[in-house]
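The values are calculated or read from the model by the stated rules, or taken from the named source; none is laboratory data. As the structure is a computational prediction, the values presented were derived from the model and not from experiment. Every residue, glycine as well, gets a Cβ built from its backbone with ideal geometry; the counts of neighbours run over all protein chains shown.
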């Protein structure tokens with residue numbers, strides 16, 4: 001009796017798997033390289049340029065402060081031997097204070113830059129996701145897989161989504 005039950009169970013499982021396999025054969029799949037979209041889209045390039053413009057002034061100020069501090073250190077090293085003790089101590093203190101202040105400003109700069117970069121990246125990711133979803137709906141895809149280990153060029157939709165992103169930004173599409 002148990003052999004009949006096991007055989008019946010196997011036949012039932014095999015019969016139920018046939019319609020599932022037929023349904024899977026009809027599924028339209030697309031694969032997209034998200035990293036490439038985040039690097040090559042005109043929106044990514046615009047966000048990168050906007051960040052550079054936003055932080056350029058502060059970056060120049062930090063570079064200037066760094067050059068000034070280096071000039072003070074060079075002057076102390078060059079003239080330190082002939083300076084009075086209190087003058088030398090005062091110059092050394094000014095350099096230490098300058099180094100601390102520069103380090104604090106650099107840390108603030110990096111924190112602010114990272115916060116803004118993360119905000120811009122989040123917005124860019126949402127934009128790319130919306131474009132992928134819109135393309136998938138238009139193309140009648142059932143599933144879109146991001147960053148597959150291998151994908152045939154026939155299912156890779158990265159170029160099409162990139163062209164749609166470029167068209168939406170008003171940039172010329174790459175072939």
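Residues considered: 163, 136. Of these, the only one that is at pLDDT 90 or above, part of a helix (DSSP H, G or I) and more than 18 Å from residue 45 (Cβ to Cβ) is 136.
Here is the figure for the stretch 139-152: residues that are out of contact with any helix residue (DSSP H, G or I) (no Cβ under 7 Å at 6 or more places or on another chain), closer than 11 Å to residue 31 by Cβ and either at pLDDT below 90 or part of a helix (DSSP H, G or I) (or both) total 5.
Scanning the stretch 85-109 for residues that are surrounded by fewer than 11 Cβ atoms within 10 Å (Cβ to Cβ) and either under 30 Å from residue 51 (Cβ atoms) or touching a helix residue (DSSP H, G or I) at 6+ places or on another chain (Cβ under 9 Å) (or both) yields a total of 4.
Quick check on the stretch 39-57. Is at least one of its residues farther than 30 Å from residue 146 by Cα, surrounded by 12 or more Cβ atoms within 10 Å (Cβ to Cβ), at pLDDT 90 or above and more than 16 Å from the chain's Cα centre (by Cα)? Within the stretch 39-57, one or more residues are farther than 30 Å from residue 146 by Cα, surrounded by 12 or more Cβ atoms within 10 Å (Cβ to Cβ), at pLDDT 90 or above and more than 16 Å from the chain's Cα centre (by Cα). Restricting 113, 129, 124 to residues that are assigned to a helix (DSSP H, G or I), under 24 Å from residue 31 (Cα atoms), touching a residue at least 12 places away in the same chain (Cβ under 8 Å) and within 25 Å of the chain's Cα centre (by Cα) narrows the list to 124.
Among residues of the stretch 135-159 that are in contact (Cβ under 8 Å) with a residue 60 or more places away in the chain and at positive phi, those with a beta-carbon under 7 Å from a residue that is surrounded by 10 or more Cβ atoms within 10 Å (Cβ to Cβ) and assigned to a helix (DSSP H, G or I) at least six positions away or on a different chain give the pairs 147/34; 147/35. Restricting 113, 69, 121 to residues that are surrounded by 10 or more Cβ atoms within 10 Å (Cβ to Cβ), within 30 Å of residue 166 (Cβ to Cβ) and modelled with pLDDT under 95 narrows the list to 121.
Report yes if residue 77 is within 41 Å of the chain's Cα centre (by Cα) and surrounded by fewer than 15 Cβ atoms within 10 Å (Cβ to Cβ), otherwise no.
It is false that residue 77 is within 41 Å of the chain's Cα centre (by Cα) and surrounded by fewer than 15 Cβ atoms within 10 Å (Cβ to Cβ).
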